[in-house]
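Working notes, structure below.
The values are calculated or read from the model by the stated rules, or taken from the named source; none is laboratory data. All values reported here derive from a predicted model rather than from experimental measurement. FYI the Cβ positions are ideal-geometry reconstructions off the backbone, even for glycines, and counts take in every protein chain you see.
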Amino acid sequence: MHGDPSSELSLRGLVPRELEHKEAASEIARTWSRFRYPQSLYKYAALLAAVDYLDIDLDRLPGLLGRMSETLARRYFPPNVGHVLTLDYLHTLIETLQMTWFATLIGLAVSVPLAWLAAGNITPVRLLYKPARLVIMACRSVHEMIWTILLVMVLGYGMLPGAIALTLFCIGFAGKLFSEAVEAIDPGQVEAIRAAGANSMQVFVYAVLPQVRVAWTGISIYTWDVVFRAATVVGFFGAGGMGWFLRESVQRVASRDTAAILLSIVVVVILSELLSAWVRKYVARAVA
């Protein structure tokens, strides 16, 4: 005759152990606190030490929003909307779009082979693995504004240094994300294609691309979105586009013209964000 299952579990020591876990969990729930001594003391002491070391004047913070509102209302309101509706400004908007498309297309075209070489799991030439990662890291480590300043010093003012700077930024940004997406693929498909006698190109086309096409599509669209935001301000350093118009207004101390340009940049960036989000969803459904 079989005994009661609960009594058998009790004899084996499983039920008491389960009850112990439940009691421990309930005890933790009862004793949880946001502040734990001495960890909380160390954390806030380090925060106060950092504030003291940085010499932050905390007395100025309470009236910060009031002073900002007063300055904006007195100097920048109302924006001179007519300033951004001229043909000259619309021409700079077109220049910004041209720089964005050029940098995105060239940057993505260069990022694909670099990501292939920089992915440690499928790199076709092991000797080029570290150089490829070095190129991506070099493009990422220097901000696009610094690239613009350096290229303007070499090439002079105009759209060319801005387009090259944005292309380098795109290579570093997209190349990093592309390579990480490749390194996260399922190795089973790669091993199966290699076992069938495929070469490196065939492995990339038939085993890697089908797994990363959705991720790469989203990354490409997001890269264009980020590059467009950067393109709206690189012109401030001499690379043409909307930023150059902004620089001219700032130098003239035309506050209301500057406010109108900043407002137009915000509107254009919001529109590009909405467009890129819609395209990401549409393309993801199409290629899935």
With the condition kept exactly as written, say whether any residue in region 114-137 is in contact with a Leu (Cβ under 7 Å, 6 or more places away or on another chain), of a type in the set (G, A, S) and free of Cβ contacts under 8 Å to residues at least 60 places away in the same chain. yes
For E273: the one exception among (1) over 27 Å from the mean Cα position of the chain (by Cα); (2) surrounded by fewer than 20 Cβ atoms within 10 Å (Cβ to Cβ): (1)
Among (1) of a type outside the set (A, V, I, L, M, F, W, C); (2) modelled with pLDDT of 85 or more; (3) surrounded by fewer than 21 Cβ atoms within 10 Å (Cβ to Cβ), where does P161 come up short? (3)
Out of V190, V182, sole residue that is at pLDDT below 85 and farther than 30 Å from G241 by Cβ: V190
Of the residues in region 236-256 that are touching a Phe, Trp or Tyr at 6+ places or on another chain (Cβ under 9 Å) and of a type in the set (D, E, K, R), the one that is nearest to P79 (Cα to Cα) is R256
Within region 110-129, tally of residues that are surrounded by fewer than 21 Cβ atoms within 10 Å (Cβ to Cβ) and part of a helix (DSSP H, G or I): 7
What number of residues within region 262-283 satisfy the criterion of being modelled with pLDDT of 80 or more and touching a Ser or Thr at 6+ places or on another chain (Cβ under 6 Å)? 1
Regarding region 3-10, can at least one residue be identified that is over 32 Å from the mean Cα position of the chain (by Cα) and either basic (K, R) or modelled with pLDDT of 75 or more (or both)? no
Any idea how many residues of region 131-158 are closer than 13 Å to F237 by Cβ, β-branched (V, I, T) and crowded, with 19+ Cβ neighbours inside 10 Å? 2
Under 7 Å between Cβ atoms, which residue pairs at least 6 apart in sequence (or on different chains) link something in region 160-171 that is assigned by TED's automatic domain parsing to the domain that holds G107 with a partner that is outside any helix (DSSP H, G or I)? P161/A239; G162/A239; G162/G240; G162/G241; A165/A239
Could you please find all residues in region 74-96 being in a helix (DSSP H, G or I) and either surrounded by fewer than 16 Cβ atoms within 10 Å (Cβ to Cβ) or in contact with a strand residue (DSSP E or B) (Cβ under 8 Å, 6 or more places away or on another chain) (or both)? R74, R75, V81, G82, L85, L87, D88, L90, H91, I94
Restricting attention to region 253-281, report how many residues are of a type outside the set (D, E) and either within 17 Å of W224 (Cα to Cα) or not in a helix (DSSP H, G or I) (or both). 18
